[in-house]
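Read the figures in this text as sums done on the coordinates, not as results from a lab. What you see is a predicted model, and the numbers here were worked out from it, not measured in a lab. Heads up, the Cβs are rebuilt from the backbone with ideal geometry, glycines too, and the neighbour counts pull from every protein chain shown.
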Amino acid sequence: MPAVVFGVLLILQLMAMPPVQAASVGQYLTVDEFLGLGFSDNAKPEPKVLWLTPELKAQIKSIRGKDFPLLRVRYWRQGQKTAWILEEIGKEMPITIGVVVDAGGASPTVARVEILAFRESRGWEVRHDFFTEQFRGAALTDSHLLSQHIDGITGATLSVRAVKQVALIALLLADAVKPMADPNAAE
């Protein structure tokens with residue numbers, strides 16, 4: 001009988017405790033740290049701005065399934081690589097995601113994906129290398145899909161979807177600035 005009373009008291013005590021916020025919620029990388037990972041030398045490139053045309057906004061809408069709220073997007077470029085920092089809602093809160101795109105080949109491909117900040121209570125597993133490494137080498141297909149399969153994470157479906165959407169948008173935007181990626185081209 002005492003074991004049952006102890007068990008009931010323990011359950012009541014646990015129920016009275018405030019909910020614990022997931023330890024993985026928070027800021028993982030600053031912009032400077034992300035840029036340091038994305039570019040070969042330590043010289044941080046100056047930010048540039050891409051003004052979104054109605055055509056680009058329509059293409060982004062087809063990826064997201066809803067309007068894109070920005071008129072312009074800031075990015076960084078060094079040689080053939082561009083870095084994009086975008087936010088997408090997971091379930092309820094924005095996830096800040098950095099994507100480095102390499103435009104040195106026939107079409108731009110993902111060189112790196114990093115989660116800079118995560119604010120949800122679930123789905124934080126998307127920040128780990130086992131997930132983000134899957135994007136390396138992915139390109140944008142004509143039907144606005146990734147050229148390679150990305151495995152999901154059980155319990156993180158909406159976070160996975162958000163990261164995939166940001167990778168797609170970064171590839172689309174990198175393709176839009178690709179003609180300017182030539183070091184001899186005028187900006």
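Worth pointing out:
- A simple count of charges around V100, restricted to other residues whose Cβ falls under 11 Å of its Cβ and scoring Lys, Arg +1 and Asp, Glu -1, yields +2.
- By the rule of a C-alpha distance below 14 Å, with chain neighbours fewer than 8 residues away ignored, the aspartates and glutamates paired with K44 are D32, E33.
- For the pair L145 and K57, the difference between a 0.36 nm per residue extended length and the Cα-Cα distance amounts to 30.1 nm.
- Averaging the sequence gap over all C-alpha pairs within less than 8 Å and six or more residues apart, then dividing by the number of residues, gives the stretch 59-165 a relative contact order of 22 percent.
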